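The values are calculated or read from the model by the stated rules, or taken from the named source; none is laboratory data. Please read all numbers here as calculations on a predicted model, not as lab measurements. Cβ sites come from the backbone with ideal geometry, for glycine too, and all protein chains shown count toward neighbours. For accessibility, only protein heavy atoms count, side chains too; no ligands or nucleic acids. Shrake-Rupley method; radii C 1.70, N 1.55, O 1.52, S 1.80 Å.
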Amino acid sequence: MKPTGTDPRILSLAAEVAKSPEQNVPVILLKLKEIINNTPLGSSELKKVKQDIYCYDLIQYCLLVLSQDCSRIQGGWATISQLTQILSHCCVGLEPGEDGEEFYKELLPSAAENFLVLGRRLQTCFINATKGEEKDKLLHFFQIVTDSLFWLLGGHIQLIQNVLQSDHFLHLLQTDSVQIGATVMTLLQNILQINSGDLLKVEAKTLHSILDEILFKLLSTPSPVIRSTATKLLLVLAESHQEILILLRLSACYKGLRSLLNKQESLTEFSRELRQLVDLLTPKIYQEEEQKLHKAACLIQAYWKGFQTRKRLKKLPSAVIALQRSFRSKRAKTLLELNRKKEEEDLRLRLQLQRQRAMRLSRESRLSMLEMIHPGQVEKYNREIEEKSALTIQKHWRGYRERKNFRQQRSSLTEYKAAVTLQRAVLTFLAKCRKKKKLFAPWHGLEELTDTRRAELKQQVDDYVKRRSGSQMSDVASRELHAQAQERLQHYFMGRAIEERAEQHREALMAQINTNIEQLIKAPSLKEAEEKEPENFLSRSRPVAAKAKQAHLTTLKHIQAPWWKKLGEEPGDEIDVPKDELSIELGTLFIGGIKPP
């Protein structure tokens, strides 16, 4: 039943929440903070405002928002932290009235559990964060959430037992982070100051887990802040609860605790609290005897530790170097992995934004075109768009189907190519055999000429001699002409040798220029160049080496070829191997007689 005389601000806010989309609800709920802050503390008006907020389900909306993913909420952790403050302030001092059972048994435990879940999420984000500013912000939000939880527990102390028994709280307490650990330890100390008796009401397993974690932080954590907080917390527990003191003294799980605390005493800055804790754990009867044993043990340990330290110092440099190398390599791998994941996530988001932007532009252009089209032509335009879309879908489907058929027919295509190669080799072999048969066929002689044919041939010869009768030349003129011909011939051969040498020199220069151009085109940039790259521009014998290696690989390729490719080949036949099958390391250089690709 809705209350009468409801604050109009709450009514308008509830109506706005009901009408707004889901993504805008968290930002709207932040207006509750202004309403609560503007109401005097401890007044009846504030109680009425909280009852109205609860009756119009705004607290339930806050709980639903806190259970959602932070990345989907506008404002992120800043909005979440403010909503935790609003929820805790609304629940403390609230009198639900008729719905008291639902409020105390369902809503309040759910709110405390949500606060712990948010703390674990912030703990994970804080550990994974790499930047200092981001860590500071996350730590601030974590402190806000813990303060909100403490405020809620201060107003409803019956929730303390639920929080202490929660697995989320134990996970928060077991963190390795100094800042998070100090905050959680301070929260636990404040909770026990409110009502420390609830700690004895939890299960024995949970109590042992909490004590084990506090002792572990005291004995193993190098941070003085956490160790000081753990010492004060244990001192409070031992002084206020005799059961916990007896457990720490007599339980087999904590055997040797006093000796460990005595070792820690001289190395800490909070010796007073630690000394008090040791005195509580040590019966007075054994104090003098333990002091003598302690001095003797310290003397023996001093000698032994001195020996071990001197021995360890000799091996320390190599161990430190190995440890630093391992740590740096692990840190570099971790940073590379984080950068790779971040780049992949950024690329995915950019691609998603590009697709959304392209779709939006396409729809806007389509709408603008529809505005330009006459209303009578809209149906025709839509039909054309549908036909184009159908053609695009058919094109992609046919391409997929043909690629699938090609993959299925690949084996038969390979067999067909092998058969064609065999047939070509056999046909070449048969053609060579026929050629040999024609060359070595027996001589059948010439056909005999008849008298008539002899007379015709003789007449043709006489006519040719008459038409091309040479001019008469004396012996002296013939010798002079012969001498001139010999002189010109000698001059021609001498000039030809010079031209051949010039042509060879010109070809060598062209080959050198082509090689240099090819190297410069395929050379890497100055940023990517290595130390061995300049050697490619200094050597002039690499083309020769490349040609020799090509000839060598050609011979090897021919030797490794199957027998059916060599059918009909003679020893003197030229070997022809495709150039794309050769693997030459110096393929970037120019080879004489071959045009570079």
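The peptide list 149-156, 103-110, 89-96, put in order of mean Cβ contacts within 10 Å with the highest first, becomes 149-156, 89-96, 103-110. Note on K31: lysines with a C-alpha under 18 Å away, same-chain residues under 8 apart excluded, are K19, K47, K48, K50.
Which Cα, out of N339, S326, S368, lies furthest along the positive dipole direction of region 325-378 (beta carbon charges, K/R +1, D/E -1)? The residue sitting farthest along the positive end of the dipole is S326.
Treating r as the C-beta distance of S12 and V92 and R0 as 22 Å, the FRET efficiency rounds to 0.35. Note on region 76-162: with neighbouring protein chains present and a 1.4 Å probe, carbon and sulfur make up 49 percent of its accessible heavy-atom surface.
Taking R0 as 51 Å, what's the FRET efficiency between K557 and L391 from their Cβ-Cβ distance, rounded to 0.05? FRET efficiency, K557 to L391: 0.60.
If R0 is taken as 51 Å, the Cβ-Cβ distance between E337 and V426 corresponds to a FRET efficiency of 0.30. Need one word for region 289-425: rounded, prolate or oblate. Basis is the Cα gyration tensor (sqrt eigenvalues a ≥ b ≥ c); a/c below 1.5 gives rounded, then a/b vs b/c decides. Oblate shape, in that a/c is at least 1.5 and b/c is the bigger or equal ratio. For region 375-517, the carbon plus sulfur part of the accessible surface works out to 57%, probe radius 1.4 Å. Here the Karplus relation 6.51 cos²θ - 1.76 cosθ + 1.60, evaluated at θ = phi - 60°, turns the backbone of region 305-319 into coupling constants of 5, x, 4, 5, 5, 4, 5, 6, 5, 5, 9, 5, x, 5, 5 Hz, with x for every Gly and Pro. When the C-alpha to C-alpha distance is required to be over 27 Å, the pairs from K131/K232; K217/K314; K131/K330; K527/K557 that qualify are K131/K232; K217/K314; K527/K557.
About its Cα centre, the dipole of region 282-423 is roughly 1060 debye, where the only charges are +1 on Lys and Arg Cβ and -1 on Asp and Glu Cβ. Ligands, DNA and RNA excluded, the heavy atoms of T450 present near 80 Å² of accessible surface to a 1.4 Å solvent probe. Backbone geometry of region 503-509 corresponds, through the Karplus equation with coefficients 6.51, -1.76 and 1.60 at θ = phi - 60°, to 3J(HN,Hα) couplings of 5, 5, 5, 5, 5, 5, 5 Hz, x marking Gly and Pro.
Rolling a 1.4 Å probe over the protein heavy atoms leaves M494 with an accessible area of roughly 120 Å². In the context of the full set of protein chains, residues of region 300-429 present 94 Å² of accessible surface per residue (probe radius 1.4 Å, heavy atoms only).
Taken one residue at a time, the phi angles of region 350-366 give Karplus couplings (6.51, -1.76, 1.60, θ = phi - 60°) of 5, 5, 5, 5, 4, 5, 5, 5, 5, 5, 5, 5, 4, 5, 5, 5, 5 Hz. Gly and Pro are set to x.
D475 contributes an accessible area of around 110 Å² to the protein surface, as traced by a 1.4 Å probe with all chains present.
The residues of region 39-133 expose on average 47 square angstrom of accessible surface per residue, using a 1.4 Å probe on protein heavy atoms.
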